[in-house]
């Protein structure tokens, strides 16, 4: 049987000390995940000002190797121990006026391949959530690159289609060969003037949550997702696991096309929730929702729920409350 990396699953040759794909030491199991109550990332540590607004992301900063403290070369690997520097943080929390996000590595993954970015500019709030496709190389780099590229466009006043194209181009440039390229999903939202616009490619999801419950606004780019959207009971068809495989994603080998778009103008207050499948894979996650909670509290609560439910995947949750009774119908609760 071919040996495989315990973190990313890439093949490993006999005698290899480190995974050629992700840099994980092959002689030791992945380190335990950070607890979801870890301190919030300091403001400004993972973001910047742009277009008159400000944004934050889960991107890890530059610096020495987190494992041994050695110098990290231009290739992203430690010169002393050979470990690959983490691109995204194992746990991060950020909030800006009217928007918040949390990401966590979960309990069973060796690294966090999810990423988020949040932004605020005047009355506009923006969120981007990307989930690295674990079967592709450097999926964490793909997700982090995508959120950083997209949020800059959105905070600068651009639309979701433009943000998607910028992110898609940036992720495509990561590829060293045209096949088996770094890949991720894409989910973004802009809330402005009481209206929410959501765009997506892949299976990260957006929900509108109000007093009536949670309503999914997106449709997964997979056979199973399309069947469910058409009202077909996919479970009765006994589909193989391949039915959940993505039919669209970001990457050099991705199908062409713009993101799906949906617009929501709620008549009553509620919360727009964006999440990776590390949360939505648990069908009872909506039981943990408190629609009266502020954005930071809600994002933390749902992240904790996913960890307590098993933490089988990386988890990312972003929340944007919308108060439909406010004068501009777009003012967010803090």
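The values are calculated or read from the model by the stated rules, or taken from the named source; none is laboratory data. This structure is a prediction, so every number in the text was calculated from the model and none was measured. Don't worry about glycine lacking a Cβ; one is built from the backbone with ideal geometry, like all the others, and counts go over all protein chains shown.
Inspection of region 276-284 identifies at least one residue that is assigned to a loop (DSSP other than H, G, I, E, B), closer than 20 Å to residue 190 by Cβ and in contact (Cβ under 8 Å) with a residue 40 or more places away in the chain.
Inspection of region 120-129 identifies at least one residue that is surrounded by fewer than 24 Cβ atoms within 10 Å (Cβ to Cβ), touching a strand residue (DSSP E or B) at 6+ places or on another chain (Cβ under 8 Å) and modelled with pLDDT under 95. Can residue 140 be described as in contact with a strand residue (DSSP E or B) (Cβ under 9 Å, 6 or more places away or on another chain), at pLDDT 95 or above and either crowded, with 23+ Cβ neighbours inside 10 Å or within 19 Å of residue 254 (Cα to Cα) (or both)? When the stated conditions are applied, residue 140 passes them. The residues of region 86-107 that are in contact (Cβ under 8 Å) with a residue 60 or more places away in the chain and in contact with a strand residue (DSSP E or B) (Cβ under 7 Å, 6 or more places away or on another chain), listed by number, are 93, 97, 98, 99, 100, 101, 102, 103, 104, 105, 106. If you take the residues in region 130-164 that are touching a helix residue (DSSP H, G or I) at 6+ places or on another chain (Cβ under 7 Å) and free of Cβ contacts under 8 Å to residues at least 24 places away in the same chain, which one is nearest to residue 247 (Cα to Cα)? Only one residue fits best here, namely 162. Taking residue 244, is it modelled with pLDDT of 95 or more, touching a strand residue (DSSP E or B) at 6+ places or on another chain (Cβ under 6 Å) and surrounded by 14 or more Cβ atoms within 10 Å (Cβ to Cβ)? So residue 244 does not fit the description; no.
Counting only residues that are in a loop (DSSP other than H, G, I, E, B) and modelled with pLDDT of 95 or more, how many does region 312-326 have? Spell out how you get there, then give the answer.
Start the filter on region 312-326 by keeping residues that are in a loop (DSSP other than H, G, I, E, B), which leaves 312-314, 323-326.
Narrowing further to those that are modelled with pLDDT of 95 or more: 312-314.
Going through region 312-326 one residue at a time, the tally reaches 3.
Residues in region 211-239 that are in a helix (DSSP H, G or I) and either closer than 28 Å to residue 320 by Cα or touching a helix residue (DSSP H, G or I) at 6+ places or on another chain (Cβ under 6 Å) (or both) were compared, and the one that is modelled with the lowest pLDDT is 234. Between 167, 175, the distinction of being touching a residue at least 12 places away in the same chain (Cβ under 8 Å), more than 18 Å from residue 273 (Cα to Cα), out of contact with any strand residue (DSSP E or B) (no Cβ under 9 Å at 6 or more places or on another chain) and not in a strand (DSSP E or B) belongs to 175 only. Filtered by the rule that a residue be in a helix (DSSP H, G or I) and surrounded by 14 or more Cβ atoms within 10 Å (Cβ to Cβ), region 285-296 gives 285, 286, 288, 295, 296.
Just give me the residues in region 68-112 being surrounded by fewer than 15 Cβ atoms within 10 Å (Cβ to Cβ) and on the phi > 0 side of the Ramachandran plot, in sequence order. Selection gives 69, 76. The residues listed here are 259, 255; of these, the one that is within 22 Å of residue 162 (Cβ to Cβ) and surrounded by 20 or more Cβ atoms within 10 Å (Cβ to Cβ) is 259. Checking 224, 206, 196 one by one, the residue that is in contact (Cβ under 8 Å) with a residue 12 or more places away in the chain, out of contact with any strand residue (DSSP E or B) (no Cβ under 9 Å at 6 or more places or on another chain) and at negative phi is 224 and no other.
Scan region 263-284 for residues that are in contact with a strand residue (DSSP E or B) (Cβ under 6 Å, 6 or more places away or on another chain) and exposed (fewer than 15 other Cβ atoms within 10 Å of the Cβ) and the total you get is 3. Looking only at region 178-210, filter to residues that are surrounded by 18 or more Cβ atoms within 10 Å (Cβ to Cβ), part of a loop (DSSP other than H, G, I, E, B) and over 16 Å from the mean Cα position of the chain (by Cα); which one of those is modelled with the lowest pLDDT? Taking the candidates together, the pick is 194.
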